[in-house]
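The values are calculated or read from the model by the stated rules, or taken from the named source; none is laboratory data. Quick caveat: nothing in here was measured; it's all calculated off a predicted structure. Quick reminder, even Gly has a Cβ in these numbers, built from the backbone with ideal geometry, and neighbours come from all protein chains shown.
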Amino acid sequence: MAKSGYRGTVLAFEFLVLTAARSGEVRNARWEHIDRDGAVWTIPAERMKAGREHRVPLSPRALAVLDDAAELFDGAGLVFPSATGRVLNHAALTDLLHGLGIDAVAHGFRSSFRDWAAECTDAPREVCELALAHVNSDRVEAAYRRSDLFDRRRSLM
């Protein structure tokens, strides 16, 4: 791989960072789940670790990444296909980092997002946790929390 990496992988990585999503969610992202007008990516339950649908607010830069991806690819099917048109390999994003001399793994950027949100924003803990699609382990509290705090997450993103 060239130092700059395959363009689809580069765009997928930037989208991962901008959305605080897991690698598998980004690698399997499909155009049919993206509402560019509403600036929301709805990840179906079967693609989520917790098995629940997750709405991701898309920032202006995330939308620009999608515009770039739509220009490169056909705007149908996978958002960030591999060079062969299939789902990117599970190691593609981390390989990109290593090829650039960055000693990190793609999943670590979720932790970086959480640290940034705690240290550099006034967003409440629950908003930050929902941005990461973390499930509240307190069953009583979870039973009473029906909102996904989407508008507050949109401000955070």
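Would you be able to tell me the number of residues in the stretch 99-157 that are in a helix (DSSP H, G or I) and modelled with pLDDT under 80?
9
Touching a residue at least 24 places away in the same chain (Cβ under 8 Å), within 19 Å of R110 (Cα to Cα), in a helix (DSSP H, G or I) and among the charged types (D, E, K, R): does that describe R61? So that I can check it myself, show each step before the final result.
Working: touching a residue at least 24 places away in the same chain (Cβ under 8 Å): yes; within 19 Å of R110 (Cα to Cα): yes; in a helix (DSSP H, G or I): yes; among the charged types (D, E, K, R): yes.
Judged against the criteria, R61 is a match.
Just wondering, is there one or more residues in the stretch 17-24 that are touching a Leu at 6+ places or on another chain (Cβ under 6 Å) and touching a residue at least 12 places away in the same chain (Cβ under 8 Å)?
For the stretch 17-24, residues touching a Leu at 6+ places or on another chain (Cβ under 6 Å) and touching a residue at least 12 places away in the same chain (Cβ under 8 Å): present.
Could you list all residues from the stretch 85-99 that are surrounded by 14 or more Cβ atoms within 10 Å (Cβ to Cβ) and either basic (K, R) or under 14 Å from R7 (Cβ atoms) (or both)?
Those that are surrounded by 14 or more Cβ atoms within 10 Å (Cβ to Cβ) and either basic (K, R) or under 14 Å from R7 (Cβ atoms) (or both): L88, A92, L93, L96, G99.
Going through the stretch 64-87 one residue at a time, which ones are in contact with a Leu (Cβ under 9 Å, 6 or more places away or on another chain) and farther than 14 Å from V26 by Cβ?
Residues satisfying the conditions are D68, L72, G85, R86.
Return the only residue of S59, S82 being surrounded by fewer than 18 Cβ atoms within 10 Å (Cβ to Cβ), touching a Ser or Thr at 6+ places or on another chain (Cβ under 9 Å) and under 11 Å from F15 (Cβ atoms).
Answer to the check: S59.
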